[in-house]
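The values are calculated or read from the model by the stated rules, or taken from the named source; none is laboratory data. As the structure is a prediction and not an experimental result, all values here were calculated from the model. In this analysis, Cβ positions are derived from the backbone assuming ideal geometry, glycine residues included, and neighbour counts consider all displayed protein chains.
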There are 2 protein chains.
Amino acid sequence: MKSGYGKSDQTFLRNYNIRKVRTILREEGPCSRVDLSVKANLDKKTITNIINEMLKNGEVEVVSKSSNGAGRPKENLALNGEYSRCIGLDIGGTHITGVVLDFTGKVLCEHNIDVVNNDSDILFQLCDLVMEELLEKSKLSIDEIDKIGIAFPGHIDIRTGRTVLSENIQGWDDLPILDIFTEKYGKEVMANDCSRLMALAELRYGAGNDERNIIVFDLGLGIGCGIVINRKIFPGSTGMSGEVGHTIVKVDGSRCTCGRNGCIEALASGWALSKQAMDLLKNNESPMLSKTINKNTMIPTTKEIVLAAKLGDDKCIQLLKNAGRYVAIGIINSISIINPSKVIIGGRLIRDNDIFYDEMIKTVKKDAISELIKDMKIEVSALGDLATAIGAATQCFEEFFEYE
Amino acid sequence: MKSGYGKSDQTFLRNYNIRKVRTILREEGPCSRVDLSVKANLDKKTITNIINEMLKNGEVEVVSKSSNGAGRPKENLALNGEYSRCIGLDIGGTHITGVVLDFTGKVLCEHNIDVVNNDSDILFQLCDLVMEELLEKSKLSIDEIDKIGIAFPGHIDIRTGRTVLSENIQGWDDLPILDIFTEKYGKEVMANDCSRLMALAELRYGAGNDERNIIVFDLGLGIGCGIVINRKIFPGSTGMSGEVGHTIVKVDGSRCTCGRNGCIEALASGWALSKQAMDLLKNNESPMLSKTINKNTMIPTTKEIVLAAKLGDDKCIQLLKNAGRYVAIGIINSISIINPSKVIIGGRLIRDNDIFYDEMIKTVKKDAISELIKDMKIEVSALGDLATAIGAATQCFEEFFEYE
């Protein structure tokens, strides 16, 4: 069969309705049974049955009672955070960030480690460390954690659970990630591309919470985006959507790690900026940068380039502006294809980096098709540096909900 | 409410199941009641009720009986073409093409008029002419036509029914198209972007019939694409998705009609080729083209450029190859973002134009991310020059079906 025609018997309908009620509580906040009946378009008896089961399971709780004077006071119901807790790990080329997230999307605690050496073995040890810290901070035992979600800069082959194309972590280009983590922690593990999970977090709990179709641009060491269509993450046919970093905007431009030329990532990503700044140093073109750089590594980071630019270094200012312009063209091209109602900008590249950010926004507003952006919003990530880790945990809860 | 949570009572379920049965018959061809029960995951009694109603309505017919020796022979059921017929009009910058399509997707007849003067008033008169020819050829009266579907190179503001941004038809940049056609023919009228409707036709009846996520590139006077996500057309937030012609691939490149620089449409569309060829003529760089061109208009068409190239004109060959390369980059960038399982190439620009087509395919295979295209298919439109007109009619039938 070309399409899955789906089940549509009574059992299907029942489970579908339960997922729908959970989704209304997630999206709308506390509701009475009457509210739920109206919003779900289900009769009151069905709602009562569903809520009774959910109260018994502990996935829903009464959070308040309101009375209009006559009759019994109305009970307001909400999802119960304690029903399930998951850990999300965001494993990047420069950091490992973890959170414990509860069923309502509340961050119970967070922990971050900056990574300098991104060798595969060391990364696994650092993951252990972050896990320990998270359990310690949340005062939970591992038994109280239901699942672990992983975000990493690459793709998972859904059929094999192996990583594919993780350019920014050495040794992760072909690893059975799901098996490794499942064995380490004895939990069900889910994994997905970091930009896609950043988008999921913003969609459910952040700047995309009011939108149906969004693109979330994840600007960091690499550049990617997560695409949301009809309030669902769109992974593409083989889980490789959102490779905006490898779209070509300058035919015959700089060489990219992917072996091609003129990709945005080769012109404007964290690693491209480092490379461009190294050339500045080599040619003695940036006196300020040679002061702000860490003398031990001698590889300029975005933070150091931004600092030199803030101190007035013309070459570094120009470098950041150029990068902002190229990323803007990637944004313009993506919205020309997808026509989202909102674009969200996240990732560590925009942190304290106004020169880059302002040039990027200016270019988008100037050069995008005016009809396409006149009603489109552009916002910075609401969840900041935690977005991807929150998304990593959020993926574990998705099966409980229904978005149509 | 942020999401439409949808209806899910018994009436919803009933209508949903009817649409599902129609969809199975559309997608799978003739089925017995037992086949339908298995494929729809519905019990035999429900299927029997649904089929009885459909037989009574005349939307389904018994097409054959098969016997396995024992018991009653099984009846095979199929959609009945005569249940509904719609007209599709593809109104382009260089042609008006019409079809009469029946409920099964069969083209009952077609008619095409090449357009030289694309003035708005004349276009409306030519539409009348195509309508008359279609009714004459199909021997149907207008009363036997249920709806009229329009495809045109621009956008319809869904809220007002007015056209927006129709660069390639003079005077169509702000017209109440739906009202005009409804009044002219006294029928319900639907209208949509031509590239999107080409994609719809290929999805339902052409080269996309086996796929869930596809991009259909419509290469003609302008360049656009239609995006299919989960077997549904994805229109974007405001009906403006698929503007691949206005993605920028050459920063600071040639000026585009949209006022920006370096768009694919400014480098490689039908109109860009004409413009580039005019420069060749002006500078006496293409002796062959000055022979193949129509002396009355002196505006080289793609057909004339292709002919000159086939006769060995180096400059015209180079012009077509460059265009093929730029369109390829648009395809590469689009698949990097969407990750479709198939790309379909349609439109009048590829007709008898091997030099362009071969360069385009060669570039896609060489320069796309290998992981992204290793399992992706690339095919030429199965419906050819009729694709968009078929799509225009197909949109009228979409409400009868259910794709999830």
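Tabulated values for the structure
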read-out	value
Single residue of the range A:365-396 satisfying the filter (under 22 Å from residue A:83 (Cβ atoms) and in contact with a Ser or Thr (Cβ under 7 Å, 6 or more places away or on another chain)) that is surrounded by the most Cβ atoms within 10 Å (Cβ to Cβ)	A:389
Scope the range A:35-48; condition touching a helix residue (DSSP H, G or I) at 6+ places or on another chain (Cβ under 7 Å) and more than 7 Å from chain B (Cβ to nearest Cβ); matching residues	A:36, A:37, A:43, A:44, A:46, A:47, A:48
Counted residues, the range B:221-230 - those being under 14 Å from the mean Cα position of the chain (by Cα) and under 18 Å from residue A:231 (Cβ atoms)	1
Residue check for residue B:322: in a helix (DSSP H, G or I), touching a Ser or Thr at 6+ places or on another chain (Cβ under 6 Å) and either polar (S, T, N, Q) or not assigned by TED's automatic domain parsing to the domain that holds residue B:255 (or both)	no
Any hit, the range A:247-270, residues being surrounded by 24 or more Cβ atoms within 10 Å (Cβ to Cβ) and over 16 Å from residue A:322 (Cβ atoms)	yes
Among residues of the range B:27-50, those that are of a type outside the set (D, E, K, R), under 32 Å from the mean Cα position of the chain (by Cα) and surrounded by 20 or more Cβ atoms within 10 Å (Cβ to Cβ), counted	4
Output for the range A:224-252, where each listed residue is more than 15 Å from residue B:339 (Cα to Cα) and in contact with a helix residue (DSSP H, G or I) (Cβ under 6 Å, 6 or more places away or on another chain)	A:248, A:249
Identity of the residue in the range A:289-306, buried (at least 21 other Cβ atoms within 10 Å of the Cβ) and aliphatic (A, V, I, L, M), that ends up farthest from residue A:357 (Cα to Cα)	A:293
Matching entry among A:173, A:179, A:90 (being touching a Gly at 6+ places or on another chain (Cβ under 9 Å) and in a loop (DSSP other than H, G, I, E, B))	A:173
Residues that are touching a Gly at 6+ places or on another chain (Cβ under 6 Å) and within 14 Å of chain A (Cβ to nearest Cβ), drawn from the range B:361-404	B:404
Candidate set: the range B:343-364, residues that are touching a strand residue (DSSP E or B) at 6+ places or on another chain (Cβ under 9 Å) and assigned to a helix (DSSP H, G or I); chosen: the one surrounded by the fewest Cβ atoms within 10 Å (Cβ to Cβ)	B:361
Members of the range B:85-106 found to be without any contact (Cβ under 8 Å) to a residue 40 or more places away in the chain and among the small types (Gly, Ala, Ser), listed by number	none
Matching helices (runs of 4 or more DSSP H) fully within the range A:194-301 where at least 2 residues are within 14 Å of chain B (Cβ to nearest Cβ)	A:194-205, A:264-268
Extreme residue, surrounded by the most Cβ atoms within 10 Å (Cβ to Cβ), among residues of the range A:13-26 that are touching a residue at least 40 places away in the same chain (Cβ under 8 Å) and either under 14 Å from residue A:103 (Cα atoms) or of a type in the set (A, V, I, L, M, F, W, C) (or both)	A:25
Search result, residues across the range A:317-347 that are closer than 26 Å to residue A:97 by Cβ and among the polar types (S, T, N, Q)	A:334
Verdict on residue B:334 being within 14 Å of chain A (Cβ to nearest Cβ) and within 24 Å of residue A:241 (Cβ to Cβ)	yes
Which listed residue, of A:98, A:92, is modelled with pLDDT of 95 or more, surrounded by 18 or more Cβ atoms within 10 Å (Cβ to Cβ) and touching a helix residue (DSSP H, G or I) at 6+ places or on another chain (Cβ under 8 Å)	A:98
